[in-house]
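One structure is given below, encoded as structure tokens.
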Ligand code: WTA
């Protein structure tokens, strides 16, 4: 195969010309092209989208009006007059003139037909605890009551920001929908992030209210979560953002499980305050389509996380359309996405997408292998889940811990999704054969926090599946691969390059919260040739991923080309890791690089040098580095290796050669090191890395 040959050569020529760097796509493994697999006749017969004419409807000549089809899946208080306003590129405005409410679309509008249907089923991690089934009627009541509390007790109004630091509990979607009802912009910080990381995000978004919970279960432990709120509030205060109210849900209402004390006048138990609001109703506000719905922070090339700002009308239309056509969600389906709502996948495909289509969305609190490798399949069997959605990391973990477990349970999946990382063909095949029992169709969906919804994937009833490849651009998405110099890589040539999207789409973020310049620079400057142009054709969206397109039009994603490492589907900035290391007193220099990991796909490895006088303290400093990273970012960022090295390999101009540091533990060719200022250090580092295993 053409695309398999000379992988290093391809990468060198087309991806990341800065050869001091090391990116995920540079360490990507190029597996061989796989044969196509057809979806089952049974699946096709019931699919929401089995009409090949869809590609005709969404062809470029019909852009942007084709996206009316998605917006028409929503209920509008006022219909829009302009589908796409391109007056101020690349700040696209979708469905302008239109008014709607996301909470109304996900809850109220379903009551007439589905009020007694389960909207959410919460599965607690302790298996002896009962499930919590929240019908659409019950969700309506809870959302209204919490919305009233936010308005009258927390004194929040349209356009204010609110930060949630919540794990996988039903109070999280309730909090999201309650905010959306009033146009309060929510910013959920993944529950596994540290208090410090949460504080940074509170400050950036300018939230004066934090919503948290006392504790939650994970891996059999009741985690004390409220302690993080105290750290977060302190951090935000130091960054100039006071938090005047901390609203605390309790995992077991009435019973406080955290060790941290409640600060008088600042901290309030929601189960107590809400007593004043029981039975209250709040009219969902008709809001402009382009008003922000939420902010979701993600990592980028600098140490500062960026807040992807998503709109109400565009975002909700795009998740409705893709949930219907790609996830194949019907109201009668029981849909389970194992992602965390703290990430974009959970926002789009646990909360907003499934609920806007009146599905039953399952939420699971804990880890899928607790208390044993059969747990996930027991949940599927008991709840009769028929659509399943997860990431390669979880699939690898489930396969490793219980390769034959799925066979022991009688569940039937019609559809399965994989998202977040490249999936190796043999992992894909286990998913297909063992988990999906050769009946479920699989979609490998490629997209990002910034994108709102899927960009590349097969349409499950229309396209054949190809293990290891995401698939073509979805309807209305026109991908293109560029080389470093802005030249188009020939379509279907199998050559690696930088994947971009030629056109705007309704789910694209509106801007980076508070930093429009960074938005333009990060996603558009690289390939825009005319800054004055108001034609969307001049503004391709630069995704930051390496990819190649095979002759059949399917895209294979290789991984990030920038300073981001995708660890178990979680995005981490190498600069964030490095700046955490540099807060350790003894550390002089730090470099973080991606290394291959059997389960997580990629993991961070950190190299550090010590300041003079600390020789012999390697062990101690290593521990300090690990605990500092956990404290500053969270446990998810824990490095797989910490190497204390005598010196960093550097160019003559003093830049650390991360490319070399990454090649060593990944057992790749180190390449030319003759241009290094200190080539002799490479051998020493190699020995050190070997010793560490
Ligand atoms: C990677 C997650 C290969 C990619 C929805 C992207 C993937 C980053 C896939 C975004 C896939 C996502 N195949 N790689 N199907 N899906 N990625 O923002 O590198 O958490 O840039 O959004 O995950 O991660 P994020």
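Data table
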{"read-out": "Filter pass, residue 412 being in a loop (DSSP other than H, G, I, E, B), at pLDDT 95 or above, away from the ligand (no atom under 12 Å from the Cβ) and under 24 Å from residue 37 (Cα atoms)", "value": "yes"}
{"read-out": "Members of the stretch 572-620 found to be surrounded by 22 or more Cβ atoms within 10 Å (Cβ to Cβ) and farther than 30 Å from residue 558 by Cα, listed by number", "value": "587"}
{"read-out": "Top-ranked residue of the stretch 221-250 - restricted to ones that are more than 25 Å from the chain's Cα centre (by Cα) and assigned to a loop (DSSP other than H, G, I, E, B), ranked as farthest from residue 635 (Cα to Cα)", "value": "244"}
{"read-out": "Complete set of residues in the stretch 395-434 that are touching a residue at least 60 places away in the same chain (Cβ under 8 Å) and closer than 20 Å to residue 366 by Cα", "value": "396, 397, 400, 417, 419, 420"}
{"read-out": "Pick from the stretch 454-485, criterion at pLDDT 95 or above and out of contact with any strand residue (DSSP E or B) (no Cβ under 9 Å at 6 or more places or on another chain), ranking: nearest to residue 411 (Cα to Cα)", "value": "462"}
{"read-out": "Residue 148 being at pLDDT 95 or above, farther than 22 Å from residue 336 by Cα and surrounded by 20 or more Cβ atoms within 10 Å (Cβ to Cβ)", "value": "yes"}
{"read-out": "Some residue of the stretch 191-201 being farther than 21 Å from residue 342 by Cα and in contact with a helix residue (DSSP H, G or I) (Cβ under 7 Å, 6 or more places away or on another chain)", "value": "no"}
{"read-out": "Residue count for the stretch 290-310, restricted to those that are under 17 Å from residue 95 (Cβ atoms) and within 13 Å of the ligand (Cβ to nearest atom)", "value": "1"}
{"read-out": "Residue within the stretch 520-537 that is at pLDDT 95 or above and within 15 Å of residue 297 (Cα to Cα) present", "value": "yes"}
{"read-out": "Residue within the stretch 333-342 that is away from the ligand (no atom under 16 Å from the Cβ), at pLDDT 95 or above and more than 30 Å from residue 445 (Cα to Cα) present", "value": "no"}
{"read-out": "Of all residues making up the stretch 433-453, the number that are closer than 13 Å to residue 415 by Cβ and within 15 Å of the ligand (Cβ to nearest atom)", "value": "4"}
{"read-out": "Selected residue [crowded, with 16+ Cβ neighbours inside 10 Å and either closer than 17 Å to residue 298 by Cα or within 16 Å of the ligand (Cβ to nearest atom) (or both)] from 569, 514", "value": "569"}
{"read-out": "Breaking point among (1) within 22 Å of residue 59 (Cβ to Cβ); (2) touching a helix residue (DSSP H, G or I) at 6+ places or on another chain (Cβ under 7 Å); (3) away from the ligand (no atom under 16 Å from the Cβ), for residue 495", "value": "(1)"}
{"read-out": "When residues of the stretch 461-476 are limited to those that are at negative phi and more than 14 Å from the ligand (Cβ to nearest atom), the one surrounded by the fewest Cβ atoms within 10 Å (Cβ to Cβ)", "value": "464"}
{"read-out": "Residue 378 being part of a helix (DSSP H, G or I), touching a helix residue (DSSP H, G or I) at 6+ places or on another chain (Cβ under 7 Å) and at pLDDT 95 or above", "value": "no"}
{"read-out": "Some residue of the stretch 438-449 being out of contact with any strand residue (DSSP E or B) (no Cβ under 7 Å at 6 or more places or on another chain) and closer than 21 Å to residue 352 by Cα", "value": "yes"}
{"read-out": "Residue within the stretch 527-540 that is within 16 Å of the ligand (Cβ to nearest atom), part of a strand (DSSP E or B) and either crowded, with 23+ Cβ neighbours inside 10 Å or touching a residue at least 40 places away in the same chain (Cβ under 8 Å) (or both) present", "value": "no"}
{"read-out": "Yes/no for residue 48 being farther than 30 Å from residue 656 by Cα, surrounded by 15 or more Cβ atoms within 10 Å (Cβ to Cβ) and modelled with pLDDT of 95 or more", "value": "yes"}
{"read-out": "Inter-residue pairs, beta-carbon under 7 Å, first touching a residue at least 24 places away in the same chain (Cβ under 8 Å) and in the stretch 674-693, second assigned to a helix (DSSP H, G or I), 6+ apart", "value": "682/660"}
{"read-out": "So residue 567, is it in contact with a strand residue (DSSP E or B) (Cβ under 7 Å, 6 or more places away or on another chain) and more than 26 Å from residue 339 (Cα to Cα)", "value": "no"}
{"read-out": "Scope the stretch 587-639; condition in contact with a helix residue (DSSP H, G or I) (Cβ under 8 Å, 6 or more places away or on another chain) and in a helix (DSSP H, G or I); matching residues", "value": "625, 628, 629, 630, 631, 632, 637"}
{"read-out": "Checklist (1) within 16 Å of the ligand (Cβ to nearest atom); (2) surrounded by 18 or more Cβ atoms within 10 Å (Cβ to Cβ); (3) assigned to a helix (DSSP H, G or I) applied to residue 426, failing item", "value": "(2)"}
{"read-out": "Condition check for residue 519: part of a helix (DSSP H, G or I), under 23 Å from residue 64 (Cβ atoms) and within 16 Å of the ligand (Cβ to nearest atom)", "value": "yes"}
{"read-out": "Failed condition for residue 657, given (1) without any contact (Cβ under 8 Å) to a residue 24 or more places away in the chain; (2) under 17 Å from residue 685 (Cβ atoms)", "value": "(1)"}
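Residue-by-condition table, conditions (1) under 19 Å from the mean Cα position of the chain (by Cα); (2) buried (at least 23 other Cβ atoms within 10 Å of the Cβ); (3) closer than 19 Å to residue 164 by Cβ:
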| residue | (1), (2), (3) |
| --- | --- |
| 308 | yes, yes, yes |
| 361 | yes, yes, yes |
| 365 | yes, no, yes |
| 371 | no, no, no |
| 381 | no, no, no |
| 386 | no, no, no |
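The values are calculated or read from the model by the stated rules, or taken from the named source; none is laboratory data. All values derive from a computational prediction rather than experimental measurement. Methodologically, a virtual Cβ is constructed for each residue, glycine included, from the backbone with ideal geometry; neighbour enumeration extends over all protein chains shown.
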